[in-house]
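The values are calculated or read from the model by the stated rules, or taken from the named source; none is laboratory data. Here the structure is a predicted model, which means the values were calculated and not measured. Here Cβ is always computed from backbone atoms with ideal geometry, including for glycine, and neighbour counts include all displayed protein chains.
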Amino acid sequence: MRTVRSADGTKIAFDQAGQGPPVILVVGAFNDRSTGAPLAKALEPGLTVLNYDRRGRGASGDTQPYTVEREVEDLDALIREVGGAAGVFGYSSGGNLALEGAARGLKITKLALYEAVFVVGDGVPRPPKDMADQLSRLVASGRRGDAVELFQTRLVGIPEPVVAQLRHAPFRPALEATAHTLVYDARVVGDLTLPAAALQSITMPTLVVYGGQSPAFMGDAAKALAAALPNGQVRALEGQSHDIAPMVLAPVLLDFFGS
């Protein structure tokens, strides 16, 4: 493990391995760098991979107050660490954060996204406008489990009966341990609307990937996102869901970032 200091002094922990063009992995909600580790390993033969803990997770710091801008600065610090320019891969809400960084002018050479979280059309309910504030209040009052379930039902869209079953899952304590960072992800994704104006400024080659077995709205959003980007392309991974399958996704990313 290595560390870098962000602009506000926050320590950001990361692992670096591999040979080739540098690529930074940005994970999503409930995730830390352990989530990205299998994909990082699969990419090492052709890329220099930086797999990091977003602030508030794992071994990284959590300087308050939180803003999305601070997370963009964290990504910028990692880009500077590898020479001032790098490719970026964003997964789920990490994809939204990667897009935010690109729109703010970070030196991203190529951008790849796996099911960044957006909704197009009116067929899928959107989270309440005060979602982040609701989550913050729950965490502050010690109701971390309730925060997890609010995020799962109102933002992820998991049916309430399934969420109730997940209360007894062996990984539930780990979810509750990261509950404070759900506030951060809620601020990153907002109301899930595609930021059409901001997307026009993202001119680097961008690969938008979605799973063929994911809910239809994920594919619809991916296609709309790719179409809205000046240099976007979309690809479906047949048989895949929202969960990353490294052996399926890695060859796609190696081809994109390595070319």
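Assessment of segment 217-238 against the conditions (modelled with pLDDT under 95 and of a type in the set (Val, Ile, Thr)) yields no matching residue. Against the definition (on the phi < 0 side of the Ramachandran plot and in contact (Cβ under 8 Å) with a residue 24 or more places away in the chain), how does LEU155 come out, yes or no? When the stated conditions are applied, LEU155 passes them.
Screening VAL234 against (1) touching a helix residue (DSSP H, G or I) at 6+ places or on another chain (Cβ under 8 Å); (2) closer than 29 Å to LEU150 by Cβ; (3) not in a helix (DSSP H, G or I) leaves a single unmet condition, (2).
The one condition from (1) crowded, with 17+ Cβ neighbours inside 10 Å; (2) of a type in the set (A, V, I, L, M); (3) not in a loop (DSSP other than H, G, I, E, B) that VAL252 does not meet is (1).
Every test in (1) over 15 Å from the mean Cα position of the chain (by Cα); (2) at positive phi is passed by ARG80 save one, and that test is (2). Surrounded by 14 or more Cβ atoms within 10 Å (Cβ to Cβ), under 16 Å from the mean Cα position of the chain (by Cα) and not charged (D, E, K, R) - does that describe any residue in segment 232-243? There is at least one residue in segment 232-243 that is surrounded by 14 or more Cβ atoms within 10 Å (Cβ to Cβ), under 16 Å from the mean Cα position of the chain (by Cα) and not charged (D, E, K, R). If the condition is being outside any helix (DSSP H, G or I) and surrounded by 11 or more Cβ atoms within 10 Å (Cβ to Cβ), then segment 168-186 contributes only THR178. Is it the case that some residue within segment 62-69 is crowded, with 24+ Cβ neighbours inside 10 Å and either touching a strand residue (DSSP E or B) at 6+ places or on another chain (Cβ under 6 Å) or not in a helix (DSSP H, G or I) (or both)? No, that holds for no residue.
Restricting attention to segment 187-203, the residues being in a loop (DSSP other than H, G, I, E, B) and within 24 Å of ARG55 (Cβ to Cβ) number 5. With respect to being within 23 Å of ARG33 (Cβ to Cβ) and free of Cβ contacts under 8 Å to residues at least 40 places away in the same chain, GLY90 falls outside the description.
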